[in-house]
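Enquirer: Here it is: the structure, laid out below.
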Amino acid sequence: MDVSGGADGNNASQSADAINQTSINTYGENLFTVTDTNWLQDQDTAQTLCDDLVASLATPKALIKNVDIVGDPRLQICDQVTVIDTAANSTKLNDQLMIVGITDNFDPSSGYGQTLTLRTL
């Protein structure tokens, strides 16, 4: 796991690394890099995010794909959202999930939307 960020007052880049050897031994090594972001402005924040992501991703979990929502530009990868599926003949899902993928889309008739990929916690 590699996490990096920047733009503290000195334009210094922050980075952190973490591994889970048990997960590597079981599932193999899967490198994951978090895109550079201005929100990671100090070493402690970068390391905390890195450690939390490794702990969360060390064991495979179920994915829920193609969840269409009204667009919310504030949503980011790793945000937690509550999903309540109340439609007839639905999954009846009512749970906290983590966003692992976001695709923005725009349709002239329905406006700004997003399609999410979610992971169970």
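Enquirer: State whether the residues of segment 10-21 include one that is part of a helix (DSSP H, G or I), farther than 28 Å from residue 107 by Cβ and either at pLDDT 80 or above or of a type in the set (Gly, Ala, Ser) (or both).
Expert: The answer is yes; a qualifying residue exists.
Enquirer: Give segment 19-29 a look and list any residue that's in contact (Cβ under 8 Å) with a residue 12 or more places away in the chain and surrounded by 11 or more Cβ atoms within 10 Å (Cβ to Cβ), or say none.
Expert: 19, 20, 23, 27
Enquirer: Being in contact with a Leu (Cβ under 6 Å, 6 or more places away or on another chain) and either β-branched (Val, Ile, Thr) or over 28 Å from residue 34 (Cα atoms) (or both) is the filter here; which residues of segment 82-101 pass it?
Expert: 83, 85, 99
Enquirer: Quick one: in segment 84-105, which of the residues that are exposed (fewer than 12 other Cβ atoms within 10 Å of the Cβ) and small (Gly, Ala, Ser) is nearest to residue 25 (Cα to Cα)?
Expert: 90
Enquirer: Which condition from (1) polar (S, T, N, Q); (2) at pLDDT 80 or above; (3) under 30 Å from residue 113 (Cα atoms); (4) surrounded by 14 or more Cβ atoms within 10 Å (Cβ to Cβ) is the one that residue 4 breaks?
Expert: Condition (2) is where residue 4 drops out.
Enquirer: Restricting segment 44-83 to residues that are touching a Lys or Arg at 6+ places or on another chain (Cβ under 9 Å) and exposed (fewer than 15 other Cβ atoms within 10 Å of the Cβ), which is nearest to residue 110 (Cα to Cα)?
Expert: 63
The values are calculated or read from the model by the stated rules, or taken from the named source; none is laboratory data. Keep in mind it's a predicted model, so treat the numbers as computed, not measured. Virtual Cβ from ideal backbone geometry, glycine too; neighbours counted across all protein chains shown.
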